[in-house]
Each structure stands twice: as structure tokens, then as C-alpha cells.
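**Q** If you scroll down you'll find the structure; I have some questions about it.
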Amino acid sequence: MTMLPPVLPVDDIHRRLQLIFPEGTANRNYVTREIAAKTVFVMLYVGAVDANARWIRPDQVTRMTDARAAMTEDRHREAWLVESMRPATGDIEGRWYAVNTREPIRDETLRGGLVLIGAVAERPGLATTSPSPRYALTESFSALFDPALTEEQLEEAIEAWRDANLSASALARAAILRSGVIADETQVLVTLPNGQTRSMAAGPSSIISKAVAEEFAPRFLETPGLLWLSESRNKVVEQDNQLARSLGLTIDPERNLPDMILVDLGPEHPLLVFVEVVATDGAITEARRTALLMIATEAGFRENQVAFVTAYADRDDTAFRRSVSELAWGSFAWFMSEPDQVALWHSGRESPERIKLSALIRL
């Protein structure tokens, strides 16, 4: 007979998922929201752990109810496992989710989340079209939901599980984001490309601005310089009028300037880089790109001497997901959590001959 694991309340599972998967974890929303907690609960409830060779289907999660979840004796749990596998006859009073919710449970919570990061195993040898139960918690992951764990023991267990199961790149990504969380509560110290430092008011936008100056600029610009840096409420943090004048650019704080203006002095013709920092909103849209380009062309810059960058904390951040559809063609997106990568929204509309993918992948 299968030994059923102890059951943890859904709220406690939800809290632990948020501890296990810190900010910066790929698809974090998929594995930390309530539907993920309820999926884990159902697996624990029926003993769906890979070591037990017991598995569930996504539709079983939808069929759970609060009343049934409160019945935690082994005999009730075993009975519900059998019952939940039978074809439904009529509506289930108080069911957690509608029938069609099984698709997001399968595609997002499981395949795009818990399976992807090694927290849930798929039943081996099962055809992809099979309706048989397919998913189970890995034994090591299920152990993180033992109600007997003290807070200290839980912290140690989570750290050990992360070390063993999350990839180095995922851990690094999370570590970069966590570094912003533990920054000084009142100030963020930014090192400018010229080596000088400036203080900005603490907050998500300032942390991203710091990353742009210290990580993005040296990676993607040959000889970077900073012409303009501002923070919320239009406060000017740095303004290099001397360098701007040498480039023929007049920086007027009264104009609707971006959060940052960088310049690359390495190329034969300097490259002007307008950067919008997005912690909540304010991405470089088509309208914003047009307005910023006008500032540059008025100063004598050609369009191919101007770049537009929207900087975010992370690809999985709500701010990016909310604004990605509005990003201007011909602009870049950069993510603090993945500093070596930059995304280009390539536009071929100005080219008489459309550039091919074979050429794009060589960029």
C-alpha cells in the first residue's frame, strides 16, 4: 500500500512556493500562484510522488473541493483518488476550477513551470496522447512540504534543493534580482561610466538604472559616456552638459527626456542611446521613439546614430509582459537579470531588400 505523505494546507504550500522560487526564477508566476499551490496540494493529497509510481491528471486538480481537502484521513484520500479518476457525472459542487482550467494547469503550471524546473516528473513510457495520469512530484521536491519542518530546517532544505535542481544560469538570474532587493533601504549608489558615483533614491527604477550604467553600458558600448540620468519625479541625478555640447546636443530638462541618455564615443560617428527604465511603465513605444528621435535629429544626429533601449528587471516581470506588445520596432530590450543578452525588435521596413534570417542570426 502507498504511504501517503502528510498534507500541508494550501495557504502554507503557496507561501513555501514563493520561498522556493525567488524573484528571477524563469516563469516564476506559473510556479508560485495559487493554482500551482493547489496542484501541489492535490499531488500530496493522493500521494502522487514519483517514488510511489503514483500519478495524476490535470483535471483532478479542477475536481478537488474545500470540503474534500479538509478530509485528510488516509481512507478519505484513497477513496477520492479512485473517485476523481472516474468520468464525472454531473456538476461537482464547490469544485476548485472549471473543467477547461485543466489546460492552463497542464500547459503553464506543469509543462511550462514545475516540470521544466525539475519539481514534477512525467510518467515514463506514456504516449503523449494518452489520457492516463502523467504527473507526480519528485520525491526531493515533495519533502519541502513536510509540515514537521521548522523554519530553519525549511530554509536549509530549500537551499539544498535549489543547489541540486536549479541550473547555474537560473540561480545566477535569481541572485542578480535578489541583489536589488537587499540594497540600501534609502539610497542606491550608481557608478557612472567615468568612474564617478551618484546616489539615487532607493526603488526598483533606481536599481535598474544602476544596472544599465554598470552592466549594460560596458557590455554593449565601446567607449560609454553618460549624458543624462534622472529618477522619479523628474529629479536630475547627473547631467554632463560639457560632453553634450561637444556632441552638439543641448540637454533641456524642461523637455520630455528619457530616464537615461548614454553615448558611445567608440565608433567613428558617436552613437546616442536613449534608455527608458521600466519598473512599472514607460517603455519606448513608437510614439516615444519618434519624439526622442526628433531630439537627436535636431542636434544633427542621423537616425543610424541613435539607439533606443527599454531596460527591465527581468523577462518574467509583469512590467515587461504588460508592455512588450507596445515596444517600438527598431528598438532594443535589455534585462537586468540577463545582462549579457539584448533583444532587438528588428524592422525591415526601411530596407529595399528584406534581410533574411540567415543574416540576422549572424548579428
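**Q** Taking springs between alpha-carbon atoms closer than 10 angstrom, which of Phe301, Phe335, Phe320 fluctuates most in the Gaussian network model of the chain?
**A** Of the options given, Phe301 has the highest mean-square fluctuation.
**Q** For the chain, what is the charge dipole size about the Cα centre, in debye to the nearest 20, if Lys and Arg each add +1 at the Cβ and Asp and Glu each add -1 at the Cβ?
**A** Details: 38 positive and 51 negative charges, 219 e Å.
With Lys and Arg at +1 and Asp and Glu at -1, about 1060 debye.
**Q** Continuing with this model, one more query. Measure off 7 Å from each Cα along the Cα-to-Cβ vector at Leu19 and Ala79, then give the distance between these two points in nanometres to one decimal.
**A** 3.4 nm
**Q** With the crude spin-label approximation of a point 7 Å out along Cα→Cβ, what separation in nm comes out for Gln187 versus Thr2?
**A** So the two model labels end up 5.8 nm from each other.
**Q** Please give the length that would be gained between Thr297 and Ala70 if that part of the chain were fully extended, namely 0.36 nm times their separation in residues minus their C-alpha to C-alpha distance (nm, one decimal). Let's see the in-between values first.
**A** On the way: separation 227, 0.36 × 227 = 81.72 nm, distance 6.71 nm.
Stretched fully, the Thr297-Ala70 segment lengthens by 75.0 nm.
**Q** Once you place label points 7 Å from the Cα toward the Cβ at Leu344 and Arg86, how far apart are they in nm?
**A** Modelled inter-label distance: 6.2 nm.
**Q** With Kirkwood's inverse mean 1/r over C-alpha pairs for Rh, give me the Rg to Rh ratio of the stretch 263-363, two decimals please.
**A** Working: Rg = 14.2 Å, Rh = 14.6 Å.
The Rg/Rh ratio comes out at 0.97.
**Q** Over all directions, the average projected area of the alpha-carbon convex hull for the stretch 10-166 comes to how many nm²?
**A** About 9.2 nm², averaged over all directions.
**Q** Taking the Cα centre of the chain as the origin and placing charges on Cβ (Lys, Arg +1; Asp, Glu -1), which of Met43, Ala168, Ser230 is farthest toward the positive end of the dipole?
**A** Met43
**Q** Hey, another quick one. Which whole-percent values make up P(r) of the stretch 72-112 when all C-alpha to C-alpha distances are grouped in 10 Å steps starting at zero?
**A** 23, 41, 34, 2
**Q** Right, next: Based only on Cα atoms, what mean projected area does the convex hull of the stretch 187-360 have, in nm²? Write out the running numbers ahead of the final one.
**A** Numbers: hull surface 41.2 nm².
So the mean shadow area of the Cα hull is 10.3 nm².
**Q** Now, a different point. What list of whole percents do you get for P(r) of the chain, with Cα-Cα distances grouped in 10 Å bins up to the one holding the largest distance?
**A** That works out to 5, 21, 24, 18, 15, 12, 5, 1, 0, in percent per bin.
Only the coordinates and a few stated rules stand behind these numbers; no lab work does. Model, not experiment: these values are computed from the prediction. Neighbour counts are summed over all protein chains in view; Cβ atoms, including those assigned to glycine, are modelled from backbone coordinates with ideal geometry.
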